[in-house]
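Here, each number is a calculation from the coordinates, and none is a lab measurement. If you're wondering where the values come from, they're calculated on a predicted model, not measured in any experiment. Quick reminder, even Gly has a Cβ in these numbers, built from the backbone with ideal geometry, and neighbours come from all protein chains shown.
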Amino acid sequence: MTKGLNLGNSAMLGFSDVSNPQHVPADFGRLPDYIEPMLAQPSVEPFDSADYLFEIKWDGTRAMVYIENGGVRLMNRRKRNISDRYPDLQCLSAAPAGTLLDGEIVVIRNGKSDFQALQKREQSRTEFRIRNLAKVLPATFIVFDQLFDRFHPILDRSCIDRREIARQTVAALKSPNVIMSEGVVGEGVSYFQRAMDQDLEGIMAKRIESGYYPGRRTDAWIKIKRQQEVPCVIVGYLTGDRGELRSLVIASQIDGQLCHVGQVGSGLTQALSEQLLARLKMIGCEKPVVQCSVRGHWVEPQVYCLVRCMEKTRDGHLRAPVWVKLL
């Protein structure tokens, strides 16, 4: 179990544009322009603790939903208003004015979130395509927290209290496009295993008595994600402006055939990058040994490595690859 932190009160909250709840207008007639989402510390191993609630880590787009003036404003982590991309989430406008929700936009297919389907929604720009995809790949907003209730800030209240308010907000909407993220208290290890059995991304652990700390990464929230380790071979590399190693082009076996599965740069130290670059320059070749659209420097497939990733996409590429070690 992780150690508790003394995180203080609302006067220490790190708002963007609004430094703390006292800066909200005295008549509570409007919501802040933007509040930084609370962040989570990563953890490798699941744990049990009666101090924590465990819920699914949803694989989608984090969004803060501001409901005021008869409309809905969906803001992503880049502070961009993405409301126009999701006309199917305008049902949120039925929530009381002055509601601010934190959650995840997902596209659910076959009982779980489909990140690649969501990417199609995220990348759509024309009104025709947006409307069409809203019908073919409807979005769901999964609520896991509430920050304002009828213009009153509730960030100082405990996680469990805020979630109960959020649950009532979601229930009153009676919309299939908005659901509450439920979980369990205490039994994190078995809950994580059930998530893995269903091939989900992972789980979140949230201290039930903690407040909401915008923009801060603390152990009040902990993310525990599934990881896969994939043996790969280096088939090329990309360099930066000064000739330094930027990333490695890697390949792995897919159905008995060596295929390009992506690039990896995360996890490489400067010392290892310099050693690898010197070694790879000695085994260069003119063309890639696998079909690959990347423009890089190519090498004979002689250097093997282990790469950790979140999952493999449908086309076999490694999602969020991280270097582990040479083999």
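Considering only beta bridges that DSSP places wholly inside the range 12-225, some 85 percent are antiparallel. In this structure, Asp315 and Arg150 have a Cβ-Cβ separation that, at R0 = 51 Å, corresponds to a calculated FRET efficiency of about 0.65. Based on the alpha-carbon gyration tensor of the range 53-162 and its eigenvalue square roots a ≥ b ≥ c, which shape applies: rounded if a/c is under 1.5, prolate if not and a/b is larger than b/c, or oblate? Since a/c reaches 1.5 but b/c is at least a/b, the shape of the range 53-162 is classed as oblate.
Net charge near Gly236: determine it from the other residues with C-beta under 14 Å of the C-beta of Gly236, scoring Lys and Arg +1 and Asp and Glu -1. Before the final figure, lay out the partial values.
On the way: positive: Arg246, Arg279, Lys281, Lys287, Arg295; negative: Glu286, Glu300.
Net local charge, Gly236 excluded: +3.
Full extension of the segment from Gln257 to Ile130, taken as 0.36 nm per residue of separation minus the current Cα-Cα distance, would add 42.0 nm.
Counting only DSSP H runs of at least 4 residues, each contributing -39500 (n - 2.57), and dividing by the residue count of the chain, the helix-based mean residue ellipticity at 222 nm comes to -5000 deg cm²/dmol. Spatially close Lys pairs in the chain, defined by Cα atoms under 15 Å apart and a spacing of eight or more places or different chains, total 9.
Order the peptides 59-65, 317-323, 272-278 from the highest to the lowest mean number of other Cβ atoms within 10 Å of their residues.
Values: 59-65: 21.7, 317-323: 18.4, 272-278: 14.9.
Final packing ranking: 59-65, 317-323, 272-278.
Of the peptides 264-270, 177-183, 142-148, the order by per-residue mean of other Cβ atoms within 10 Å, starting with the highest, comes out as 142-148, 177-183, 264-270.
Computed from label points 7 Å out along Cα-Cβ, the spacing between Arg109 and Ser158 is 4.1 nm.
A Förster radius of 30 Å, combined with the Cβ-Cβ distance separating Gln227 from Glu187, puts the computed FRET efficiency at roughly 0.90. Which of the three applies to the chain, rounded, prolate or oblate, going by the alpha-carbon gyration tensor with a ≥ b ≥ c and a/c under 1.5 meaning rounded? It comes out prolate by the Cα gyration axes.
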